[in-house]
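Notes follow once the structure below has been shown.
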Amino acid sequence: MIKLVSFDVWNTLLDLDKFLEEIARELSIITRIDEEKVAATLYSVRKEVKELRVSGKISINEVLELSQDMIAELLNIDVEVVKRGIARATIYIDPRELAIDGARNVLRKLKEQDLIIITIGNIMIWPSSYTRLLLEKTDLAWFIDKQFYADEIGVFKPFKEAFLKPLAIYGVQPNEAIHVGDSYKEDLLGAWEAGLYSVRIDNAIEDIIEEDERRYIVPSLKKIPELIKALR
């Protein structure tokens, strides 16, 4: 029986592209550097740092500082300006644009099923405290019992401990939990290998696919309550 649902945050509950675009806009305002150039730099750094993280070449403690330093170097600006741009984006982004369509309704429906709801997320360009603020800003945090992030629990997804540490707090077994995210490796496989049910959101498909035992692909976040109700 499913007792707990964990969610990845970015591109699952919150729109990553929208936030990166807002950071690019704010940095462009501050520095007068072309917004498209800033955006391209953000995506480039994110890709490179993610590859370093996956390969194990950098630790959790290095990820945030390295990401911001790389952005500053490529744009030839002080890292303090990078931090300021991210902070401004967190303040000024429109929460209506940031939340994934249907996210609030999905979380509400799951709470009505008396499920524990948590988030499990990695970090890169901004600290987890900013993600917490954005979940508050979009009102999604009202439905989340507890949030877990790599810089707080000391482990990245897809490592098993990233999924098992949160479950231990609630005394929930892996086969009593389901994780939802957009990444094949970090979310779908990571959670599945840790013993949880796992779900990947893929907008390219039209209906729920059972890829393997305890492993599913859905066309949108809106399908999650339906899937969980069937599994319960």
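Throughout, read-outs are computed from the coordinates displayed, never taken from laboratory work. As the structure is a computational prediction, the values presented were derived from the model and not from experiment. Cβ sites come from the backbone with ideal geometry, for glycine too, and all protein chains shown count toward neighbours.
Quick notes on this one:
- Projecting the Cα atoms of GLY171, ALA230, SER220 onto the dipole axis of region 160-232, where Lys and Arg carry +1 and Asp and Glu carry -1 at the beta carbon, places GLY171 farthest toward the positive end.
- Distance between region 107-166 and region 9-77 - C-alpha centres, whole angstrom: 20 Å
- Kyte-Doolittle mean at least 0.5, axial Cα span of 18 Å or more - DSSP H helices of the chain: 60-75
- Among the listed pairs LYS3/LYS165; LYS50/LYS157; LYS18/LYS137; LYS18/LYS165, those with a Cα-Cα distance over 19 Å are LYS18/LYS165.
- Projected label points at ILE29 and GLU97, each 7 Å from Cα along the beta carbon direction, are separated by 1.1 nanometres.
- For LYS57, the aspartates and glutamates whose Cα falls under 13 Å of its own Cα, not counting residues fewer than eight places away in the same chain, are GLU48.
- Relative contact order of region 16-95, defined on C-alpha pairs under 8 angstrom at six or more residues apart (%): 39 percent
- Gaussian network model of the chain, Cα within-10 Å springs - most flexible of LEU14, LEU133, LEU196: LEU133
- Neighbourhood net charge (10 Å Cβ-Cβ; Lys/Arg +1, Asp/Glu -1) for ARG84: -1
- Across TRP192, TRP126, TRP142, mean-square fluctuation computed from a Gaussian network of the chain (C-alpha pairs under 10 Å connected) peaks at TRP142.
- Net lengthening on full extension, LEU74/LEU16 (0.36 nm per residue, minus Cα-Cα): 18.8 nm
- Potential extension, GLU136-LEU52 segment - 0.36 nm per residue separation minus Cα distance: 27.2 nm
- Only the Cβ atoms of Lys and Arg (+1) and of Asp and Glu (-1) were treated as charged; on that basis the dipole of region 16-95 about its Cα centre amounts to roughly 140 debye.
- Each Lys and Arg adds +1 at its Cβ and each Asp and Glu adds -1 at its Cβ; summed about the Cα centre, the chain shows a dipole of about 560 debye.
- Ranking VAL79, ASN105, THR131 by how far each Cα lies toward the positive end of the dipole of the chain (charges on Cβ) leaves ASN105 at the top.
- Ellipsoid semi-axes in whole angstrom, largest first, where each is sqrt(5λ) of the Cα gyration tensor of the chain: 31, 19, 16
- Hits among lysines - C-alpha to C-alpha of LYS160 under 16 Å, sequence gap 8 or more where chains match: LYS185
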